[in-house]
Amino acid sequence: AGVLYSVITGTPVRLIPNLRRELNGFAPSVVHLHLPPSWLVASLPRQRSFILVTHLHVRPTLQVHAKSMRRRLESIAMERILKASDVLIVISNWVGAAWRKAYPGIATPSRTIYNGIPLTPALRSGLDSGNASGDASGFVVGVACRLSNHKGIEEFL
C-alpha cells in the first residue's frame with residue numbers, strides 16, 4: 001500500500017490531465033478530497049475503483065447560487081463532486097447543515113468528525129504538569145485547526 005499526496009497548484013487546464021493520469025496510474029483504494037476546487041470533478045475517472053471521501057471543513061461560499069455563469073458552473077461542478085462522493089466528512093453539524101441547505105439534492109451520507117485530537121500520554125502529562133493547581137485530572141481540549149467562526153468550533157467545545 002502506498003500514499004499519493006498531491007498539492008494542487010497551477011491552472012486547471014494543465015492539472016486536470018495530470019491528476020487524472022496519477023489517479024489511474026496509482027490506483028488508490030481511497031481518494032480524500034479536502035474541500036476540493038469545483039473544477040476537480042473533471043479529473044475524476046468515469047469508472048473508478050476507489051472510495052471517494054470529500055472533507056468539508058467550512059461552510060460553502062455564500063455565492064453558491066449567484067446569477068453569474070461562472071458561479072453557476074462552479075456550483076454544478078461542486079454538486080457533481082458531492083454526488084460522486086461515497087461519504088462526506090463535515091467538521092460540525094452546523095457546517096453539514098450549511099452544505100445540505102446549499103445543495104438540497106445531495107443524498108450522499110455524511111459523518112461529523114470534529115477537529116479535536118486525542119492527546120498522547122506524554123503530551124497530556126506535559127499539559128497536566130503545567131496546571132497551576134497541580135491537579136492532573138483537569139479537563140484538556142486539543143483542537144487541530146485554524147480557529148474560525150465559519151467552522152462551528154463552539155459546537156465541538
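The values are calculated or read from the model by the stated rules, or taken from the named source; none is laboratory data. Computed from a predicted structure; not experimentally measured. Methodologically, a virtual Cβ is constructed for each residue, glycine included, from the backbone with ideal geometry; neighbour enumeration extends over all protein chains shown. Note: areas computed on protein heavy atoms with side chains; ligands, DNA, RNA excluded. Shrake-Rupley method; radii C 1.70, N 1.55, O 1.52, S 1.80 Å.
Of everything in segment 42-69 that's among the β-branched types (Val, Ile, Thr) and at pLDDT below 80, which residue is most open to solvent (accessible area, probe 1.4 Å)?
Looking only at segment 42-69, we keep the residues that are among the β-branched types (Val, Ile, Thr), and these are 51, 53-54, 58, 61, 64.
Checking the rest, the ones that are also at pLDDT below 80 come to 61, 64.
On the way: Thr61: 77, Val64: 12 Å².
Applying the filter and picking the extreme gives Thr61.
Please list, ordered by first then second residue, the pairs with beta carbon atoms under 8 Å, 6 or more apart or interchain, first in segment 92-105 and on the phi < 0 side of the Ramachandran plot, second of a type in the set (Phe, Trp, Tyr) and open to solvent by 50 Å² or more (accessible area, probe 1.4 Å). What qualifies is Ser92/Tyr114; Ser92/Phe156. Among the residues of segment 14-41, those identified as in a loop (DSSP other than H, G, I, E, B), open to solvent by 40 Å² or more (accessible area, probe 1.4 Å) and under 26 Å from Arg72 (Cα atoms) are Leu35, Pro37.
Among Ile76, Ile81, Ile106, which is the only one that is under 30 Å from Arg46 (Cβ atoms), part of a loop (DSSP other than H, G, I, E, B) and at pLDDT 60 or above? Before the answer, list the steps.
Numbers: Ile76 fails: part of a loop (DSSP other than H, G, I, E, B); Ile81 fails: part of a loop (DSSP other than H, G, I, E, B).
Only one candidate qualifies: Ile106.
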